[in-house]
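The values are calculated or read from the model by the stated rules, or taken from the named source; none is laboratory data. For clarity, every value in this text was computed on a predicted model and none was experimentally measured. Cβ sites come from the backbone with ideal geometry, for glycine too, and all protein chains shown count toward neighbours. To get the accessible areas, we keep the full protein, side chains included, count just its heavy atoms, and leave off ligands, DNA and RNA. Shrake-Rupley method; radii C 1.70, N 1.55, O 1.52, S 1.80 Å.
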Amino acid sequence: MTAMTASGRLLAMADEKPTPNRPVVISTWQHGLAANEAAWKVLSQGGRALDAVEAGVRQSESDPKVSSVGFGGLPDASGEVTLDACIMDEQGDCGSVAYLKDIENPISVARMVMEKTPHVMMVGEGAKSFALANGMQEKDLLTPKAKQEWGKWKAEHPDAIQHREINIENHDTIGMVAIDEAGNLSGACTTSGLAWKLPGRVGDSPLIGAGLYVDNEIGAASATGVGEAVIRAVGSFLVVELMRQGNSPQEACRLATERVIAKNPEWKSVQVGFIAIDKLGRVGGYCIQPGFDYAVYDRQSGNRMVPAPSRIPAT
């Protein structure tokens, strides 16, 4: 009887599932701290993850001190600020905009595309006209500081495109994924793209599966860094599929980074990083170059920065 009882306890323990950690929000780079605060106001009141991630990344889009997202973003080689964004909810519905000009919050336009049209993606003048028709206001996004930096770069590189190092202060994208009290996942990704890019260039940030992917059965992921490298590996979708195979968010991000490396022979000269969250509220992140960090907010530990492990070790 005693042996059977002990055996029964072992079986019961094996069947126990970990207690989910909810809600949780995770976002890329230092400006993710302020973005997380905005998202947490929604999540802490029992709000939907979709509303949280939109509110969170809007914080970065509207902050002129963030030089790679929204208002204050550095322009392309012609001096124009062009924005890309996408959003995805727990139902698998998604919306996206690319090469959008003069609209401060492209993430909200992406959500309008998701909710008000039969489409997933709108670009350029069509996306701008759609935004204005749905109540968004036109705004000059080129701040005096960004214009000054562009002028300096243009004087030094009159016939060239120079990609800035994407790391630490040159963060590019904000990607954010979250799980709410109900256990539902959503994500958002938004950027002004590479500084001094060729006019018309679009990276991974507005591409579902590359810059962002959400599967409510498994988890969600977002990418940051050189978009071309992420696109070649369909990076965020890959992270989620690796979690589906049983990998933790941390290990899935590492394995996806290895895939990016395999698909990009010049990987030592670029930065790519991933963040991920699973259905239990566990999070992780990984990158190629040292210097990538991400912000995590939950009830247990509050809002804090986490340095991501990197394939190339810090010196």
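Numerical summary
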item	result
Flag for Gln245 being among the polar types (S, T, N, Q), open to solvent by 50 Å² or more (accessible area, probe 1.4 Å) and within 25 Å of Arg304 (Cα to Cα)	no
Residues located in the stretch 58-74, provided they are at pLDDT below 95 and either under 13 Å from the mean Cα position of the chain (by Cα) or charged (D, E, K, R) (or both)	Lys65, Ser68
Residue in the stretch 133-145 that is surrounded by the most Cβ atoms within 10 Å (Cβ to Cβ), counting only those that are closer than 22 Å to Gly79 by Cβ and among the aliphatic types (A, V, I, L, M)	Leu141
Condition met for Ala252 (touching a helix residue (DSSP H, G or I) at 6+ places or on another chain (Cβ under 8 Å), at negative phi, in a helix (DSSP H, G or I) and open to solvent by less than 20 Å² (accessible area, probe 1.4 Å))	yes
Candidates Ala77, Ala55, Ala49, filtered to the one that is open to solvent by less than 30 Å² (accessible area, probe 1.4 Å) and at pLDDT 95 or above	Ala49
Residues that are in contact with a Ser or Thr (Cβ under 9 Å, 6 or more places away or on another chain) and either buried (at least 24 other Cβ atoms within 10 Å of the Cβ) or in a helix (DSSP H, G or I) (or both), drawn from the stretch 58-74	Arg58, Ser60, Glu61, Ser68, Val69, Gly70, Gly73, Leu74
Candidate set: the stretch 138-157, residues that are under 17 Å from Val69 (Cα atoms) and in a loop (DSSP other than H, G, I, E, B); chosen: the one nearest to the chain's Cα centre (by Cα)	Leu141
Criterion (in contact with a helix residue (DSSP H, G or I) (Cβ under 7 Å, 6 or more places away or on another chain), under 22 Å from Glu37 (Cβ atoms), open to solvent by less than 50 Å² (accessible area, probe 1.4 Å) and not hydroxyl-bearing (Ser, Thr, Tyr)) met by exactly one of Gly273, Gly284, Gly302	Gly284
Hits in the stretch 84-129 - residues which are open to solvent by 30 Å² or more (accessible area, probe 1.4 Å), over 28 Å from Ile277 (Cβ atoms) and not in a loop (DSSP other than H, G, I, E, B)	Tyr99, Val123, Glu125, Gly126, Ser129
Residue in the stretch 260-268 that is among the polar types (S, T, N, Q) and either touching a His at 6+ places or on another chain (Cβ under 6 Å) or in contact (Cβ under 8 Å) with a residue 60 or more places away in the chain (or both) present	no
The lone exception for Gln148 - which of (1) surrounded by fewer than 22 Cβ atoms within 10 Å (Cβ to Cβ); (2) touching a strand residue (DSSP E or B) at 6+ places or on another chain (Cβ under 8 Å) it fails	(2)
Failed condition for Trp153, given (1) open to solvent by 30 Å² or more (accessible area, probe 1.4 Å); (2) modelled with pLDDT under 95	(1)
